[in-house]
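S.K.: Here it is: the structure, laid out below.
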Amino acid sequence: MPLVSLLYPLVIIIYLLIGVAIVFHMLRYKINQRVAFVMFVIYIAGSLILLVSNFSLFSAVNWNQIFSAVSF
């Protein structure tokens with residue numbers, strides 16, 4: 001199993017933790033409650049779209065073929 005496949009879950013976990021921090025600050029330090037909610041919904045929807053597309057593109061790559069063609 002390539003190192004990329006082992007490190008990918010770590011990258012996703014870091015991405016999710018940063019997303020939680022952003023959502024926390026977005027909801028905690030709101031000026032206008034309606035605007036904060038709209039921003040929250042847009043951020044969550046955009047994050048989910050990016051996460052799903054990232055996972056599907058990562059899964060589509062044949063890492064064994066890439067690493068077997070490159071000799072270090």
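The values are calculated or read from the model by the stated rules, or taken from the named source; none is laboratory data. The model shown is predicted, which means the values in this text are computed figures rather than measured ones. Using ideal geometry, Cβ is built from the backbone for each residue, glycine included, and neighbour counts are taken over all protein chains shown.
S.K.: If I go through region 1-17 residue by residue, how many of them are more than 19 Å from Ser68 (Cβ to Cβ) and over 9 Å from the mean Cα position of the chain (by Cα)?
M.R.: The qualifying residues number 3.
S.K.: Next question. Could you tell me which residue of region 21-72 is modelled with the highest pLDDT, considering only residues that are among the β-branched types (Val, Ile, Thr) and closer than 20 Å to Leu10 by Cβ?
M.R.: Selected residue: Val52.
S.K.: With respect to the numbered conditions (1) loosely packed, with under 11 Cβ neighbours inside 10 Å; (2) in a helix (DSSP H, G or I), which one is the sole condition not fulfilled by Tyr15?
M.R.: Only one criterion in (1) loosely packed, with under 11 Cβ neighbours inside 10 Å; (2) in a helix (DSSP H, G or I) is unmet by Tyr15, namely (1).
S.K.: Please determine whether any residue of region 58-67 is in contact with a Pro (Cβ under 6 Å, 6 or more places away or on another chain) and either touching a residue at least 12 places away in the same chain (Cβ under 8 Å) or basic (Lys, Arg) (or both).
M.R.: Looking only at region 58-67, we keep the residues that are in contact with a Pro (Cβ under 6 Å, 6 or more places away or on another chain), and these are 63, 67.
Filter once more, so that each one left must be either touching a residue at least 12 places away in the same chain (Cβ under 8 Å) or basic (Lys, Arg) (or both): 63, 67.
Yes, region 58-67 contains a residue that is in contact with a Pro (Cβ under 6 Å, 6 or more places away or on another chain) and either touching a residue at least 12 places away in the same chain (Cβ under 8 Å) or basic (Lys, Arg) (or both).
To keep it simple, each residue is scored yes or no on (1) hydroxyl-bearing (Ser, Thr, Tyr); (2) on the phi > 0 side of the Ramachandran plot; (3) exposed (fewer than 11 other Cβ atoms within 10 Å of the Cβ).
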| site | (1), (2), (3) |
| --- | --- |
| Ile31 | no, no, yes |
| Met39 | no, no, no |
| Ile44 | no, no, no |
| Ser53 | yes, no, yes |
| Phe58 | no, no, no |
| Asn64 | no, no, no |
| Ser68 | yes, no, yes |
